[in-house]
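For reference, the structure discussed in these notes is given below.
The numbers here are math on the coordinates, done by the rules we state, and not lab data. Predicted model, so just to flag it, every value in this text is computed and none were measured. Ideal geometry is used to build each Cβ from the backbone, glycine not excepted, and the neighbour counts take in all protein chains shown.
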Amino acid sequence: MIKNNLPMLMAGKKIRSINKLAKETGVSAPALGRLYDGTNIRIDYSTIEALCAYFEIGIGELLEYVPDED
């Protein structure tokens with residue numbers, strides 16, 4: 001499973017609005033909303049790049065692989 005840390009990153013920067021993050025990163029609010037709530041099917045490289053640049057982090061801090069417990 002791939003876990004995304006967007007909610008934690010937003011909380012760390014005290015960003016409470018997907019719309020504010022969209023405005024500051026140039027990523028669409030619907031794309032960020034799907035990523036935030038985990039309903040996205042895919043993530044564009046441009047989205048990953050914009051979020052990593054904005055939060056000044058590496059990809060591994062945004063997305064994390066968590067092995068299944070089976």
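What percent does the relative contact order of the chain come to when contacts are Cα pairs within less than 8 Å and at least six residues apart? Intermediate values should be presented prior to the final figure.
Working: 53 pairs, mean separation 34.3, N = 70.
Rounded, it is 49 percent for the chain.
Arrange the peptides 64-70, 9-15 so that the one whose residues have, on average, the most other Cβ atoms within 10 Å appears first. Write down the numbers at each step before the final one.
Working: 64-70: 6.7, 9-15: 12.9.
Result, highest mean first: 9-15, 64-70.
Placing a pseudo-label 7 Å from each Cα along the Cα-to-Cβ vector at A11 and I59 gives an inter-label distance of 2.6 nm.
Considering the chain at the alpha-carbon level, its Rg and Dmax are found to be 11.8, 40 Å.
Just to confirm a number: summing +1 for Lys and Arg and -1 for Asp and Glu over residues other than F55 whose beta-carbon lies under 12 angstrom from that of F55, what do you get?
Working: positive: K13; negative: E24, E49, E56, E61.
For residues surrounding F55, the net value is -3.
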